[in-house]
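Written out below as structure tokens is the structure these notes cover.
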Amino acid sequence: MKLAEARDLDQSDAFATKRAQFKLPEGVVYLDGNSLGALPRGVEEAVQQLVTNQWGKSLIRGWNEHDWIDLPEKVASKLAPLLGTKAHCISCGDSTSLNVFKTLAAALSLRPARKIILSDTGNFPTDLYMAQGLSQLLAQGHELKTVAPEDVAEAIDESVAVLMLTQVDYRSGKLHPMAELTQKAQAVGALTLWDLAHSAGAFQVELDACNADFAVGCGYKYLNGGPGAPAFCYVAERHHKALASPLSGWMGHAAPFAFDHEYQPAEGVRRLRVGTPPILGLTALNRALDVYDGVDMQELRKKALALCDLFIEEVQTRCPQVELVGSKNRSAYGSQVSFRHESGYAIVQALIAEGVIGDFRAPNVMRFGFTPLYIGYEDTVKAAQTLQQVLEEELWRQPEYMTKAKVT
Ligand SMILES: *Cc1c(COP(=O)(O)O)cnc(C)c1O
């Protein structure tokens, strides 16, 4: 596609005005919003206002005067429509890893006779690590069993306590069918725990309609909450009564300020709160979520697929050196496209030096996220052109692109 044609598509695009709601550096094509979302306008001011006026002036009175204490619920109410559920099923705070721990422990306690946590080998390592650590800690014979992503459905049997999956594979972008697998798991009496790290904010998630049991997700990827933003967890309403948090912190107590010596869980998902809510992070996330105001998630998904299709087509015609991960049927994928190359790390470094930011996932995957609120058709064509240049001119062979940084 010619750049002029891409520019025309950008002008007639339904999200043309959304891009202006983000602060993006000049000359950068940002294809890493799946790893750290861009900065929405208004977040800086919201955080500044919190720090200077609320914290700076109200001091401890801010908890009541500015309603900090209910900020997790406020954020939950903005997340709920994106996740296809109600605010009272979502608890906001802690990291995704910690939320995996809490929800997995809660799910296992609902299936005490079963010992298998079923997941797939494509799952994000932290989810697997948390399951391993929790099993050890429980010392009740729990076992994490992983199978290839395509073998999950047939591995579901009556030994499974919890089916724990990430809906969108972080490397390949492949989607697990949430409704189907949930139904299959529940048919044999297992519970489901879905990680929505690469789903929330990328497309409409349907937790209630899929009858999911538990879920967790990330605030700093498609939701643009900033580095280390608070994460969230979801518990289906039918599990609220029996819900047991393994981390019985005072903020999950029914009456934190009664300072009782005995732990009494708060109602519903509020008991998943552990310590004091992270108000700085929640303030940024709360403001960031406002960019979803008025966004039609079906349209968002349509544009994401159009951008992914365009990128694949452009890269495949320009760059025979790289191999598409997965297939061209993008409706079976999330909002990212991955290509394989044995020197993927160096190629991504060279691309970044040329102003196209993607990322690399070991062992050989170059990953490009498409966030339709601030990425357009022209960006997409430019990114493919730059990749072509990096490969044809072998710009990636410079020695400084070979050394891996701490964070990849
Ligand atoms: C990004 C990601 C996480 C991140 O976990 P943190 O605790 O925020 O570091 C967890 N799970 C998946 C599937 C992810 O993609």
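None of the figures in this text is laboratory data; all of them are computed from the coordinates on show. What you see is a predicted model, and the numbers here were worked out from it, not measured in a lab. Using ideal geometry, Cβ is built from the backbone for each residue, glycine included, and neighbour counts are taken over all protein chains shown.
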Handout entry: Wholly enclosed helices (runs of 4 or more DSSP H) of region 1-110 bearing at least 2 residues of a type in the set (A, V, I, L, M, F, W, C) and surrounded by fewer than 13 Cβ atoms within 10 Å (Cβ to Cβ)
Key = 3-11
Exercise for the section: Determine whether region 171-181 contains at least one residue that is buried (at least 16 other Cβ atoms within 10 Å of the Cβ), closer than 30 Å to Glu44 by Cβ and not aromatic (Phe, Trp, Tyr). Expected result: no
Problem - Near pairs, Cβ below 7 angstrom, 6+ apart or cross-chain, from region 229-249 (farther than 21 Å from Leu285 by Cα) to any residue that is small (Gly, Ala, Ser) and not in a loop (DSSP other than H, G, I, E, B) - result: His240/Gly268; Leu243/Ala106; Ala244/Ala106; Ala244/Ser109; Ser245/Ala106; Ser245/Gly252; Pro246/Ala105
Exercise for the section: Scan region 323-337 and give yes if some residue there is more than 25 Å from Met1 (Cα to Cα), among the hydroxyl-bearing types (Ser, Thr, Tyr) and not in a loop (DSSP other than H, G, I, E, B), otherwise no. Expected result: no
Problem - Check on Leu165, touching a Ser or Thr at 6+ places or on another chain (Cβ under 7 Å) and either more than 24 Å from Asp32 (Cβ to Cβ) or among the hydrophobic types (A, V, I, L, M, F, W, C) (or both) - result: yes
Exercise for the section: May I ask you to list the residues in region 118-132 that are of a type outside the set (Ser, Thr, Tyr), within 13 Å of the ligand (Cβ to nearest atom) and closer than 13 Å to Ser97 by Cβ? Expected result: Asn123, Phe124, Pro125, Asp127, Leu128, Met130, Ala131
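Among the candidates Leu98, Leu39, Leu71, Leu79, which residue alone is under 25 Å from the mean Cα position of the chain (by Cα) and farther than 30 Å from Pro265 by Cα? Quick ask: steps written out before the conclusion?
Working: Leu98 fails: farther than 30 Å from Pro265 by Cα; Leu71 fails: farther than 30 Å from Pro265 by Cα; Leu79 fails: farther than 30 Å from Pro265 by Cα.
Being under 25 Å from the mean Cα position of the chain (by Cα) and farther than 30 Å from Pro265 by Cα holds for just one of Leu98, Leu39, Leu71, Leu79, which is Leu39.
Within region 111-126, can you find the residues that are closer than 15 Å to Arg361 by Cβ and not in a loop (DSSP other than H, G, I, E, B)?
If the condition is that a residue be closer than 15 Å to Arg361 by Cβ and not in a loop (DSSP other than H, G, I, E, B), then Pro125, Thr126 are the ones that fit.
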Practice task
Among the residues of region 68-114, write down those that are more than 16 Å from the ligand (Cβ to nearest atom), under 20 Å from Ala229 (Cα atoms) and polar (S, T, N, Q).
Solution key: Ser77
Practice task
Test Ile156 against the criterion of being closer than 27 Å to Gly326 by Cβ and touching a His at 6+ places or on another chain (Cβ under 9 Å), and give yes or no.
Solution key: no
Problem - Subset tally (residues that are touching a helix residue (DSSP H, G or I) at 6+ places or on another chain (Cβ under 8 Å) and part of a helix (DSSP H, G or I)) for region 338-378 - result: 9
Practice task
Considering only region 139-233, give the strands (runs of 3 or more DSSP E) lying wholly within it that have at least 1 residues that are away from the ligand (no atom under 16 Å from the Cβ) and among the charged types (D, E, K, R).
Solution key: 143-147
